[in-house]
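Only one structure is covered here, and it is reproduced in the block below.
The values are calculated or read from the model by the stated rules, or taken from the named source; none is laboratory data. Quick caveat, the model's predicted, so the values are computed rather than measured. We place every Cβ from the backbone using ideal geometry, glycine too, and count neighbours over all the protein chains shown. Only protein heavy atoms, including side chains, enter the accessible area calculation; ligands, DNA and RNA are left aside. Shrake-Rupley method; radii C 1.70, N 1.55, O 1.52, S 1.80 Å.
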Amino acid sequence: MSSSTKNKNLLFWRYLALPAVFLIVTLLGGMRLSVESGAFLFLPPTLFNLVLAVLLVAVIVRGKLLLIGEWFSAEFSVLKNCANGLVLLTIFSGSVQVINCLLPEKGLAFGLTAFFLLWTLWTNLFAELEAKKMLRSLAALLGFAFVFKYVFLASLVSAANGGGGEESWMRKLAESLFEKVSLGLLEIPEFSGATGYVAFFTVLLYGAGLIFLYSVASAASVSKERPEDGSASVSSETTS
């Protein structure tokens, strides 16, 4: 494959595919489906979502999934710097909305999940992790938050509201465990079951965006090194 074709592919992934992926995450991250009518609801992110998103993007930079020096430089044209800035803005907005998707809306569940995400992101910020290890760490973090909200909490809330029938084992578990000691754990709004499928697709798409981001960074560093090697070999041949 010629270098011009590789450059075109790199431009496609960086300026078209990546923003498209994170914009879709931005759109889907705030979507919920009403349990009564099935209508779409859009919940805006809270201020704490923005704080966690800043930490998440900082972890992405710390793990070298995003190399700032290759996105902004005084040697680049103004147009290129602005285009790169818009791409990074879509990455930040996608990070805000994937956290909006994973955080419970209120109550003790919100506090527990928010503390878990804050603590994990803060510790990862100072950890010496390679890019691939950072990807696995973020996948485990987002996966655990998804299971806690959309599998564990959603089942308990549905069972406590009588969604599984009178003899549902989840309802009996909810009544026996959380009738008097829930401390607000189940005080979250109930949404349609399709909301979990939308959230699952959103988290998968965000993970795919991070993988694309890592691939673009690797391809850019490889293409940056090759011309130097080529020029060095040519110069060595001429000297000899």
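What is the dipole size for segment 12-148, taken about its Cα centre, with +1 at each Lys and Arg Cβ and -1 at each Asp and Glu Cβ, in debye to the nearest 20? Before the final figure, lay out the partial values.
Values: 9 positive and 6 negative charges, 35 e Å.
Taking the Cα centre of segment 12-148 as origin, the dipole is about 160 debye.
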Plugging the Cβ-Cβ distance of Leu11 and Leu108 into 1/(1 + (r/R0)^6) at R0 = 45 Å yields, to the nearest 0.05, a FRET efficiency of 0.45
By how many nm would the segment from Phe76 to Ser4 grow when fully extended, if each residue of separation counts as 0.36 nm and the alpha-carbon distance is taken off? 24.0 nm
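Can you list the equivalent-ellipsoid semi-axes of segment 59-161, largest first and in whole Å, using the square root of 5 times each Cα gyration tensor eigenvalue?
The equivalent ellipsoid of segment 59-161 has semi-axes of 34, 16, 10 Å.
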Quick one: pull the percent of accessible area on segment 1-100 belonging to carbon and sulfur, 1.4 Å probe, ligands and nucleic acids left out. 75
If you take the charge dipole of segment 101-152 about its Cα centre, with +1 on Lys and Arg Cβ and -1 on Asp and Glu Cβ, which of Leu108, Phe126, Val151 is farthest toward its positive end? Val151
Please compute the length gained on full extension between Phe115 and Leu204, using 0.36 nm multiplied by the number of residues separating them and subtracting their Cα-Cα distance. 29.8 nm
